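The structure under discussion appears below in the form of structure tokens.
The values are calculated or read from the model by the stated rules, or taken from the named source; none is laboratory data. Fair warning: this is a prediction, and the values are worked out from it, not measured in the lab. Cβ placement follows ideal geometry from the backbone for every residue including glycine, while neighbour counts extend to all protein chains displayed.
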Amino acid sequence: MKIVDLRENTKSYQVKGALEKAIPLIPKELITGVRNIVLLDKDHYGKRNAGGRYVNIKGTNKSDIEMYFEHYEEIPKEIINNKVFLGLLTLNTLFHELYHHLIRFHKKKMKPKFEMEQRQADNYAGQQVRKIVMEIFPVNTNRDEYDQMKAMARKVNNFTEV
């Protein structure tokens, strides 16, 4: 599986390193059949504000996972360069799309209705991402980034409680 970076306007978001570190940690049976992870500025289908898309490659038994980064522009400047935060966000999208791959390519589960599949993909991503992020960004060597995320979370929680 290759990472193909076709971004022009969002290359400043340093996400490729987290993907490169995470891929070897993903079980081979889960990524079998994924040809590329394609990094793009925006969803070229234009149908929704998506973070990613699972794309079957017609006439093959392969697929690509497209990841979109234009929406990262909405993230507060204080946190956007935090490598742990970017890793969490990016890997969450990757695992969400890998769940669709699990359903459609591997046919390990019965394909649910779209809305249900989206919720299941979100839950699956949440379960998988935390342990991988902790492995590729250990707390003891990334303390400042984790502390910054905690501070930002407290700030957001205080703002929403008012």
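The residue list 49, 61, 36, 56 contains one member that is of a type in the set (S, T, N, Q), at pLDDT 90 or above and under 22 Å from residue 100 (Cβ atoms), which is 36.
Yes/no per residue for (1) touching a residue at least 24 places away in the same chain (Cβ under 8 Å); (2) among the β-branched types (Val, Ile, Thr):
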site	(1), (2)
27	no, no
37	yes, yes
50	no, no
56	yes, no
59	no, no
62	yes, no
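Going by what's in this entry, would residue 66 be described as in contact with an Asp or Glu (Cβ under 9 Å, 6 or more places away or on another chain) and within 19 Å of residue 1 (Cα to Cα)? Against the criterion (in contact with an Asp or Glu (Cβ under 9 Å, 6 or more places away or on another chain) and within 19 Å of residue 1 (Cα to Cα)), residue 66 qualifies. Selection of first residues in region 1-20 that are closer than 24 Å to residue 135 by Cβ and of second residues that are among the hydrophobic types (A, V, I, L, M, F, W, C) and part of a loop (DSSP other than H, G, I, E, B), restricted to Cβ pairs under 6 Å at least 6 apart or on distinct chains, gives the following pairs, ordered by first then second residue: 13/69.
Quick grid of which residues meet (1) assigned to a helix (DSSP H, G or I); (2) touching a helix residue (DSSP H, G or I) at 6+ places or on another chain (Cβ under 8 Å); (3) on the phi > 0 side of the Ramachandran plot:
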| site | (1), (2), (3) |
| --- | --- |
| 3 | no, yes, no |
| 9 | no, yes, no |
| 29 | yes, no, no |
| 39 | no, yes, no |
| 55 | no, no, no |
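Scan region 65-84 for residues that are at pLDDT 90 or above, crowded, with 19+ Cβ neighbours inside 10 Å and more than 11 Å from the chain's Cα centre (by Cα) and the total you get is 2.
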